[in-house]
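The structure appears right after this line, and notes come after that.
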Amino acid sequence: MAYYFYLKAFHLIFVITWFAGLFYIPRLFVYQIEAFHKPSPDKEILGKQLKIMAKRLWFIITWPSAILALLFGLSLFFLNPALLNQDWMQVKIVFVVILFIYHFRTHHFFKQLQNDEVKKTSSFMRLWNEGATFILFAVIFLVILKNAFNWIWGVIGIFVLGVLIMLGYKVYKNIRAKNPGA
């Protein structure tokens, strides 16, 4: 049964690389949207390079990591089906479903930007960038505490973090408005 821990390690590795992609891709979206509004030739040069970077990140790191994290996670359930009876795991599965919804929505934004369809603002993408962080907080608290009730403290922490992020974003936006080069 030692291979169970190897599978668990691979699951965790691919969860980490999946989140790395989900943390970085919206930041590339911010840059793509801002480049779209620049004058030529900057718009074309930056736009082309940012599309390449986003495509490589999305299809070489993020998508494969999501699939492998899911496969290794399912293999853990197969080897230890009792996990599915634990309350904390059931709540974690809900957050994983939310994470996949976030992933698919991010893929939708990716396809739009690859086709030069700018339908969201860079401010929206800065906020969207925090979505994966909130999900990560909830899942980490669940996995560490292994308690479907105590994770609520983690969610309270997520909301506090969300308020702090929003305040930080407003301060950053004010600084940028006063000093566009910042």
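What's the local net charge at LEU50, with K and R +1, D and E -1, over the other residues with C-beta under 12 Å away?
+3
Among all the lysines, which ones have a C-alpha under 30 Å from LYS43's C-alpha, if same-chain residues fewer than 8 places away are not counted?
Within the straight-line limit of under 30 Å, LYS43 reaches these lysines: LYS51, LYS55, LYS111, LYS119, LYS120, LYS170, LYS173, LYS178.
Local charge sum around PHE29 (other residues, Cβ-Cβ under 14 Å, Lys/Arg +1, Asp/Glu -1)?
+4
In whole Hz, with x marking every Gly and Pro, tabulate ³J(HN,Hα) for the range 158-172 from phi via Karplus 6.51 cos²θ - 1.76 cosθ + 1.60, θ = phi - 60°.
5, 5, 4, 4, x, 5, 5, 5, 5, 5, x, 5, 5, 5, 4
Quick one: net charge of LEU70's neighbours, Cβ under 15 Å, K/R +1, D/E -1?
+2
With just the Cα atoms of the range 2-178, tell me how far they stretch along each of the three principal axes, in Å, largest first.
59, 34, 22
Rounded to the nearest Å, what's the spacing between the alpha carbon centres of the range 71-108 and the range 1-47? Just the number, please.
The two parts, judged by their Cα centres, are 20 Å apart.
Using only the Cα atoms of the range 103-182, build the gyration tensor, take square roots of its eigenvalues as a ≥ b ≥ c, and label the shape rounded, prolate or oblate: rounded if a/c is under 1.5, else prolate if a/b is larger than b/c, else oblate.
oblate
When the Debye formula is applied to the Cα atoms of the range 60-100, each taken as the same point scatterer, what base-10 log of I(q)/I(0) results at q = 0.16 Å⁻¹?
Taken in order of the listed q values, log10 I(q)/I(0) reads -0.45.
Write out the trypsin sites (Lys or Arg not before Pro) in the range 80-182 meeting two conditions: DSSP loop, and at most 12 other Cβ atoms within 10 Å of their Cβ.
Hits after loop and neighbour filter: LYS119.
Label points 7 Å out from Cα along the Cβ direction at LYS173 and PHE59: separation in nm?
Reported label-point gap for LYS173 and PHE59 is 3.5 nm.
Helix 131-145 against the longest principal axis of the chain: what's the angle in degrees, Cα atoms only, rounded to the nearest 10?
It is inclined by approximately 20 degrees.
We did not get these values from a lab; they are worked out from the coordinates using the rules stated. Since the model is a prediction, treat every value here as computed from it, not as a measurement. We place every Cβ from the backbone using ideal geometry, glycine too, and count neighbours over all the protein chains shown.
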